[in-house]
Amino acid sequence: MAKLRIGVIGGRRGSCMVNETLNSNEAELVAVCDKVQESVDYCVNIAKEKGVTVTGYSDYDEFLKHDMDAVVLANYANEHAPFAIKALESGKHVMSECLTCATLAEAVALIEAVERTGKIYCYAENYCFFNTTYEMREIYRRGEIGELTHAEGEYVHDCSSIWPGITYGEKDHWRNTMYSTFYCTHSLGPIIYATGLRPVSVSGFETPNAPFMRNLGTAAGTSGMEIVTLENGAIVKSLHGGLKREPGSINYQMYGLKGSMETDRWDGGQLHVYRESDKNCVGEHVKYSPEFTNKAAEGATHGGGDFFTTYYFIKACLGDKEALANCIDVYMAVDMCIPGILAYRSIVNGGAPQRVPNLRLKEERDAYRNDTFCTVKAIAGDMWVPNNIHNDEEIPDEVYEEVRRKFLAGEPG
């Protein structure tokens, strides 16, 4: 069988996918693309060390002309949908890093591009593929804790120390322009992946911008929270942002009608499961470290998640139906992402609940086809809103100059 020929755009984040592709017996890395030549060279050299010749590009349109079957998107998080659409329309399968889309208009356009082209789209929400979160999915789908009634997902990651190294002092970098509830799929995604339930309503909340982050170039709220109602009436609390906690918190809890399960708050590889008997409040509690379903994931980046997203994508593109069933398709990807967009609309509107549309249904799409609400002026047009509703004072250019100096000097934030 011929190997799947893959190209990766985004040499920094994409280096993980470069490594996973190079380690695959079923895929071949053929091209990399990044606007920064140093990042291209880095990935090309990784491949060269393994005896693989890879073509480097700085222009995405030229990159798409390369003879390949699939594209992995690891570029800026607010650019994924338009880049995915271009790739799909050029005849390529797509795996997209987080996030799916920047606006509801992009969500509609992306779904319709997947439907129109018939190509495979997989969302690389790697937090769904930890040993614990994937096990939660298996337990839930076997019915062991019953129907979901409440869940919580938490992704607390204070990036202040690495901010110069990930924003480079760029005033318009996506991390500086994003809003508090934008990056929601690490906290919300594993709950949706486990249950398959669709969000129907969301209210958004945020904490004010912290001085230590404003001094690094972003005015966004320090943390964001979505309170999401799912289609069966269950409630999910999704919390994420740069709160002060070391090590950071990646934690999930699911409560059902017959039991519950949650990851350990301090030992992320451990899972607690409570299964109730036929008597109320009487049951069994166990704690254990689930085995990976594929031993090759052990030691892979992001808790093994980067292995599984790439592994399932490759096999799905080669026709493996079981792998395709484990992939996060475009509809579920949009379900994971747009509650964050709508949560910020809720925040802007005083916390008013927002209906989450079912964009699987063609009759629901027209209302959002031109909905460009977001905090990036180049994308939003006349629907632009600032990423801080508490303080309209502009951050001075001197802040970005200092962050740029720290980046070039290799200093922390």
Meets criteria (open to solvent by 10 Å² or more (accessible area, probe 1.4 Å), in contact with a Gly (Cβ under 8 Å, 6 or more places away or on another chain), among the charged types (D, E, K, R) and over 19 Å from residue 98 (Cα atoms)) for residue 237
yes
The strands (runs of 3 or more DSSP E) lying entirely within segment 1-87 that contain at least 3 residues which are open to solvent by 10 Å² or more (accessible area, probe 1.4 Å) and more than 25 Å from residue 178 (Cα to Cα) are 55-57
Quick check on segment 199-228: of everything there that is free of Cβ contacts under 8 Å to residues at least 40 places away in the same chain and open to solvent by 30 Å² or more (accessible area, probe 1.4 Å), which residue is nearest to residue 341 (Cα to Cα)?
227
How about segment 297-331: which of its residues are in contact with an Asp or Glu (Cβ under 9 Å, 6 or more places away or on another chain), at pLDDT 95 or above and polar (S, T, N, Q)?
309, 310
What helices (runs of 4 or more DSSP H), lying completely within segment 99-205, carry at least 2 residues that are within 18 Å of the chain's Cα centre (by Cα) and more than 30 Å from residue 383 (Cβ to Cβ)?
131-141, 185-195
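Results for (1) touching a helix residue (DSSP H, G or I) at 6+ places or on another chain (Cβ under 7 Å); (2) in contact (Cβ under 8 Å) with a residue 40 or more places away in the chain, shown as yes or no for each residue.
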{"position": "54", "(1), (2)": "yes, no"}
{"position": "61", "(1), (2)": "no, no"}
{"position": "73", "(1), (2)": "yes, yes"}
{"position": "79", "(1), (2)": "no, yes"}
Can you find even one residue in segment 334-349 that is within 30 Å of residue 222 (Cα to Cα) and either modelled with pLDDT under 95 or not in a helix (DSSP H, G or I) (or both)?
yes
Some residue of segment 362-372 being under 22 Å from the mean Cα position of the chain (by Cα) and in a helix (DSSP H, G or I):
yes
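The values are calculated or read from the model by the stated rules, or taken from the named source; none is laboratory data. Keep in mind that this is a model prediction, so the values were computed, not measured. Heads up, the Cβs are rebuilt from the backbone with ideal geometry, glycines too, and the neighbour counts pull from every protein chain shown. Calculation scope for accessible area: heavy atoms of the full protein, side chains included, ligands and nucleic acids excluded. Shrake-Rupley method; radii C 1.70, N 1.55, O 1.52, S 1.80 Å.
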